[in-house]
1. If you go through segment 170-210 one residue at a time, how many are closer than 26 Å to His18 by Cα and either within 16 Å of ligand 1 (Cβ to nearest atom) or free of Cβ contacts under 8 Å to residues at least 12 places away in the same chain (or both)?
2. Here is a check on your reading of the model: is Thr235 within 22 Å of the chain's Cα centre (by Cα), surrounded by fewer than 22 Cβ atoms within 10 Å (Cβ to Cβ) and away from ligand 1 (no atom under 14 Å from the Cβ)?
3. Residues of segment 244-276 being under 18 Å from the mean Cα position of the chain (by Cα) and open to solvent by 40 Å² or more (accessible area, probe 1.4 Å), which ones?
4. Taking Val170 as the residue in question, decide whether it is hydrophobic (A, V, I, L, M, F, W, C) and in a helix (DSSP H, G or I).
5. Which numbered condition trips up Ala171, out of (1) farther than 30 Å from Arg107 by Cβ; (2) in contact with a Ser or Thr (Cβ under 9 Å, 6 or more places away or on another chain); (3) open to solvent by less than 30 Å² (accessible area, probe 1.4 Å)?
6. Does segment 293-301 include one or more residues that are among the basic types (Lys, Arg), in a loop (DSSP other than H, G, I, E, B) and open to solvent by 10 Å² or more (accessible area, probe 1.4 Å)?
7. Which ranges mark the helices (runs of 4 or more DSSP H) fully within segment 13-129 that have 2 or more residues being in contact (Cβ under 8 Å) with a residue 40 or more places away in the chain and over 29 Å from His164 (Cα atoms)?
8. Identify, by number, the condition in (1) within 14 Å of ligand 2 (Cβ to nearest atom); (2) more than 16 Å from Ile15 (Cβ to Cβ); (3) open to solvent by 50 Å² or more (accessible area, probe 1.4 Å) that Gln163 doesn't meet.
Amino acid sequence: MSGARVLVTGGAGFIGSHLCERLVARGDEVLCVDNFFTGSRGNIRHLLGDPMFEVSRHDVTFPLYVEVDRIFNLACPASPVHYQHDPVATTKTSVHGAINMLGLAKRLQARILQASTSEVYGDPAVHPQVEGYWGNVNPIGPRSCYDEGKRCAETLFFDYWRQHRLGIKVARIFNTYGPRMHPNDGRVVSNFIVQALRGDSITIFGDGAQTRSFCYVDDLVEGLLRLMDSPDDVTGPINLGNPNEFTIRQLAETVIELTGSRSQLENRPLPVDDPRQRQPDISLAIETLGWKPTIELREGLMKTIAHFDQLLSA
Ligand code: NAD
Ligand code: UDP
């Protein structure tokens, strides 16, 4: 639906800035709301002069009064380093943020999409992960503020749907990467690329045999838009990610090859509760949204490397 008034919380972040860009390009009127905890004005600088784009500094743990037709709720730090920095704030952002944005959606009768996560599956005992799997999550560990916060947000979305017939969409996003990831946010793709470009050691946590499935940001944004535009009865939760699975060691070796770096691999201790494997089953997204990723790892890494190369040499 183009021409809609769309609120994007967390719109100055990595994924949010790409989403805002796509929405403005298709003719929507975009209100980006962000407290700039991990996002930045730099991520949206190119949109600031556009009359269809507006930005407001606001923390979603406080109520928000605006008039919009659709809400993408992305506000929440996503990297383990950032979300563990102030774990209480992380839970508040997911839970109070969801309550506030759902309350707003209810008043406006607006459709609302939640950026949930593959972390709701925890360290999964079912592989690949299907939406029907309830997960294996530690409720009291260092990752719990994020994992349980996101799980509680899903609960709230489905209770607003059952209780108030609100139009909800829940996307379970798997590891996504691309330009505008924060260079210091500690996530594996940005870490490895920055380390390789600087010639520093590539820090492999544990033995590097753990797996992840990496989705390029443009593919992910296309999935989010299709989900938001899907018929009323499509609520999700629906997995969005690239099913091609790699070990962390394979990722390190690919980054070294593509950057032509002389960096060496260095093993560091594995963080507590680090999931051993992660791969989305995207059958539901293919069937319901006609969506699947089109950009494979090497191509996406090349685009991301070009971005960081420019950033580091600026
Ligand atoms: P990001 O950290 O780059 O973006 C999050 C944005 O939310 C930032 O701009 C930040 O400043 C903002 N924010 C944080 N707390 C806020 C608050 N209380 N009020 C207002 N704004 C706030 O992360 P991202 O990778 O772009 O992730 C976006 C969303 O997608 C998050 O909800 C994240 O949980 C989800 N997600 C991302 C991934 C991934 O691999 N990138 C995977 C699964 C889920
Ligand atoms: N990782 C790593 N080296 C790094 C950063 C991360 O080996 O410098 C590993 C991390 O232990 C995890 C995987 O890469 O197994 C993905 O980590 P990330 O923080 O990107 O996301 P997660 O999927 O764990 O939330």
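1. Here the count works out to 25.
2. Criteria met by Thr235.
3. First, pick out the residues of segment 244-276 that are under 18 Å from the mean Cα position of the chain (by Cα): 244-245, 274-275.
Listed by number, the residues that qualify are Asn244, Glu245.
4. Values: hydrophobic (A, V, I, L, M, F, W, C): yes; in a helix (DSSP H, G or I): no.
Criteria not met by Val170.
5. With (1) farther than 30 Å from Arg107 by Cβ; (2) in contact with a Ser or Thr (Cβ under 9 Å, 6 or more places away or on another chain); (3) open to solvent by less than 30 Å² (accessible area, probe 1.4 Å) applied to Ala171, the lone miss is (1).
6. no
7. So the answer is 14-25, 80-83.
8. Going through the list (1) within 14 Å of ligand 2 (Cβ to nearest atom); (2) more than 16 Å from Ile15 (Cβ to Cβ); (3) open to solvent by 50 Å² or more (accessible area, probe 1.4 Å), Gln163 breaks only (1).
The values are calculated or read from the model by the stated rules, or taken from the named source; none is laboratory data. Here the structure is a predicted model, which is why all the values come from computation and not from measurement. No Cβ is skipped: glycine too gets one built from the backbone with ideal geometry, and neighbour counts run over all protein chains shown. Heavy atoms of the whole protein, side chains included, go into the accessibility calculation; ligands, DNA and RNA do not. Shrake-Rupley method; radii C 1.70, N 1.55, O 1.52, S 1.80 Å.
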